[in-house]
Ligand code: SF4
Ligand code: SF4
Ligand code: SF4
């Protein structure tokens, strides 16, 4: 039990545990101290000086994001000295910032722009050098524009501390110092996994996804193309945020209606191929156990995690499930079964995947994801890109009636829905594996693998056997779990890994929430709750009970993991070390 500290902030008494910073304590008094470089649990370096406050009886200002509370302390957050200091700091930041606000991807939710407005900033009071940096678009996932970077280092901490990838850092010295890849070689030549966590950490428009919006508009207006969309499980849980709706609002029906209004398109439900992935993966796990193949088996539905293994742990490639991700399975189903059934030349079917993820943009381009030179998925767009298309088309999203996914790929189980949250793939797989191994096992909810903690472990008794499993999200946590497995400290049968902390609900392609949301609310948990509610409300909660999945095996794939299913739904990996 931590000692409690009593202090006053702007004369309001506050009592908080020892070790709390002034910035966090102020929130208790309903005061939000502005900040730019601070991001809870990620970047606490006190460098931008926007969060300065005065302490009664002491000279000078202190950075509230790193300064711990003290007994009897009296804090003043809004004095003329504090306001003047913050204003000058923001003006100095703006003096070297390329103020291309009109066309900036963060034009409507830039944290620097908001602070400038709040503090009545004259953007040209100081004239600094504005160095010109080349835009780094060397990966299909992430674009870096240093001309807008304010050196807050949120992205660097995210990449290094949270993800332990280390693809970016501060390089050069003095006035030349800037954030970039080592020796400015471009992200594409580094071990960047494309997770996009640096994007959602950035307060300004200095990092963004490689946009494919123009490709989609072009396909929609091409009369020779039949365009189909499918949406990943977590999109319905987050898209509403782009239209000012509260975090945790399920907008599935409006999302479907909006996409249909973009053009003559069909919209399918990717939760269905999350179910298909589970059926294939659960059968693969059982087969691995029976035939002494490498264990633990690691999940393979996250392309950021796959690249992390390929770059850092190629010796574990044999432990990765060979199942394609739900995105790639859907593409394969559409370009094979669906094209045959509807007499469409696969070249004329244009498949658009709407995903929470920037790494999936790379996944679509992997050579393993092409069948006779035709990609399974033509293009992957993020939640943010879809929202920009909807806004660009002048659609009044909030007012839309609910639409329904198109047949034959509309039906999915609750197990497919929870794929978007950390632990969801594991829970869905356990539901099916338990049923296959022990036909009488009716267990549906595996609560120990739920929640937003970075590493979760559980042991379940299935068909008389103890099954040890682990779930981790965030690549730094994946590294810890791998270290424990390699040292022999832990032994698991099955491990789920998602590159993004909290899973896809917090993916690099999701709506960017400002620090005032990320620092003070449980964003990941609120978004995940939408998926668990969908699961609970669904009559079907086990992937193998999905009638469309049964139909696909009956009509086309025959048996999980066999012949046609294996050639179309499974893949291989490469060492990139
Ligand atoms: S995309 Fe991920 S791995 Fe690449 S630089 Fe950003 S945080 Fe690092
Ligand atoms: S790119 Fe964005 S997050 Fe990274 S240092 Fe620059 S402003 Fe900060
Ligand atoms: S956790 Fe989800 S959003 Fe993040 S990289 Fe993996 S698949 Fe993409």
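So here's what we get for this one:
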| item | result |
| --- | --- |
| Fraction of the pair-distance distribution of the range 120-236 above 24 Å, Cα-Cα pairs, percent | 39 |
| Cβ-Cβ FRET estimate between residue 218 and residue 47, R0 fixed at 56 Å, reported to 0.05 | 0.85 |
| Three-way shape call for the range 179-251 based on the alpha-carbon gyration tensor, with the a/c threshold at 1.5 | oblate |
| For the range 357-509: rounded, prolate or oblate by the Cα gyration tensor [a/c cutoff 1.5] | prolate |
| Label-point separation in nm, residue 550 to residue 487, each point 7 Å along Cα→Cβ | 4.8 |
| Inter-part distance where the range 26-97 and the range 334-375 are each reduced to a Cα centre, Å | 50 |
| The range 552-570 residues near the modelled residue 407 label - backbone nitrogen below 15 Å, point 7 Å along Cα→Cβ | 552 |
| Kirkwood Rh and Cα Rg combined as Rg over Rh, evaluated for the chain | 0.99 |
| Where a label projected 7 Å from the Cα of residue 371 along Cα→Cβ would reach, residues of the range 534-577 with amide N under 16 Å | 552-572 |
| Debye intensity ratio I(q)/I(0), log10, the range 4-78, q values 0.15, 0.24 Å⁻¹ (C-alpha model) | -0.42, -1.11 |
| Value of relative contact order over the chain, rounded to a whole percent, pairs C-alpha under 8 Å and six or more apart | 16 |
| Crossing angle, helix 271-290 versus the chain [Cα axis fit, 0-90 degrees, rounded to tens] | 70 |
| Helix 80-95 axis, angle to the chain major axis (alpha carbon atoms, nearest 10°) | 60 |
| Linear extension gain, residue 127 paired with residue 59, 0.36 nm per residue minus alpha-carbon span | 21.5 nm |
| Prolate/oblate/rounded call for the range 152-205, Cα gyration tensor, a/c under 1.5 rounded | oblate |
| Theoretical ellipticity at 222 nm over the chain - DSSP helices of four or more residues, -39500 (n - 2.57) apiece, nearest 500 | -8500 deg cm²/dmol |
| FRET E, pair residue 287, residue 455, Förster distance 35 Å, beta-carbon r, rounded to 0.05 | 0.85 |
| Förster-model FRET efficiency, 35 Å R0, residue 514 and residue 1, C-beta, rounded to 0.05 | 0.55 |
| Cα long-axis angle, helix 424-437 against the chain (0 to 90 degrees, to the nearest 10) | 30 |
| Net lengthening on full extension, residue 12/residue 345 (0.36 nm per residue, minus Cα-Cα) | 112.9 nm |
| Per-residue Cβ neighbour rank within 10 angstrom, fewest leading, 514, 321, 473, 487 | 487, 514, 321, 473 |
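Each value in this text was obtained by applying a stated rule to the coordinates, not by laboratory testing. Please read these numbers as outputs of a predicted model, since none were measured by experiment. Here the Cβ is made from the backbone with ideal geometry for all residues, glycine too, and neighbour counts use every protein chain on show.
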